[in-house]
1. With respect to residue 163, is the statement that it is under 18 Å from residue 255 (Cβ atoms), in contact with a helix residue (DSSP H, G or I) (Cβ under 9 Å, 6 or more places away or on another chain), part of a helix (DSSP H, G or I) and touching a residue at least 12 places away in the same chain (Cβ under 8 Å) true?
2. Which number in (1) assigned to a helix (DSSP H, G or I); (2) without any contact (Cβ under 8 Å) to a residue 24 or more places away in the chain; (3) closer than 28 Å to residue 173 by Cβ marks the one condition that residue 95 misses?
3. Of all residues in region 1-13, how many are crowded, with 24+ Cβ neighbours inside 10 Å and more than 17 Å from residue 55 (Cβ to Cβ)?
4. Taking interchain pairs and intrachain pairs at least six residues apart, which have beta carbon atoms under 8 angstrom, with the first residue in region 102-114 and closer than 12 Å to residue 68 by Cβ and the second assigned to a helix (DSSP H, G or I)?
5. For region 57-76, give me each residue that is at pLDDT 90 or above and under 18 Å from residue 178 (Cβ atoms).
6. Mind checking whether some residue in region 99-113 is at pLDDT below 90, in a loop (DSSP other than H, G, I, E, B) and closer than 25 Å to residue 148 by Cβ?
7. Against the definition (assigned by TED's automatic domain parsing to the domain that holds residue 202, surrounded by 14 or more Cβ atoms within 10 Å (Cβ to Cβ) and within 22 Å of the chain's Cα centre (by Cα)), how does residue 149 come out, yes or no?
8. Select from region 14-35 the residues that are buried (at least 19 other Cβ atoms within 10 Å of the Cβ), free of Cβ contacts under 8 Å to residues at least 60 places away in the same chain and either more than 20 Å from the chain's Cα centre (by Cα) or more than 20 Å from residue 68 (Cβ to Cβ) (or both) and list them in ascending order.
């Protein structure tokens, strides 16, 4: 049995589908099983810290997101026989990184807890997610203009299913113990180019209109805590015109090249108001 936390998230959901297709039993943890809409083959369980046996009983491996409750989950998992953990971490963990950055602090803390747990571990450190472009979906469904910050910010966005494909291999194959896999998409693309690719996917010409981050930051990122927003915007600004890291890890570990952003856009046309 493999336990998948965050099973209704973009990566977790894709991983559940992959593990079931591989014939592996999956226990999908979610805070709202009634709304999970996961495949019938998955054992869907409410994430409750007061019943660890229901979460981890009979399981041998777990896929984790970085989360404030990770330490308690690790203790419960080990107590119930789990021996392997694959963590969805972040590419922000690297030599020379700003260790005071809130995102770094969160992921570095969880990585340390896992190293100290005594479990076999594998860390997945993806860069920018292609799914971050879903922030533009309401504007694209409403019209042909996307207002955002830093049109020239460069990244190599990775398809969520490519991350799930690497997680699948780390969970099912040997040889990944103690590895930290850095994952990216195959091509650098600007924010403006991503919007254009979404337009091509939905059959409309879209225009990216750059906004002043000092004025639009709170409006465009309402769910980002204020103490983190300034650092996040600074990170975006620092990526303008700067080529991002690009790895071939997805292809090396899965045998299939990472999918470009244009493919991700075509896979998500329905999210932007296009035909599925």
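The values are calculated or read from the model by the stated rules, or taken from the named source; none is laboratory data. No experiment lies behind these values; they were computed from the predicted model shown. Here the Cβ positions follow ideal geometry from the backbone for every residue, glycine too, while neighbour counts run over all protein chains shown.
1. The answer is yes for residue 163.
2. Against the list (1) assigned to a helix (DSSP H, G or I); (2) without any contact (Cβ under 8 Å) to a residue 24 or more places away in the chain; (3) closer than 28 Å to residue 173 by Cβ, residue 95 comes up short only on (1).
3. 1
4. 110/70; 113/70; 113/71; 113/74
5. 60, 61, 62, 63, 64, listed by residue number.
6. Yes, region 99-113 has at least one match.
7. Yes: the conditions hold for residue 149.
8. Passing the criteria: 16, 26, 27, 28.
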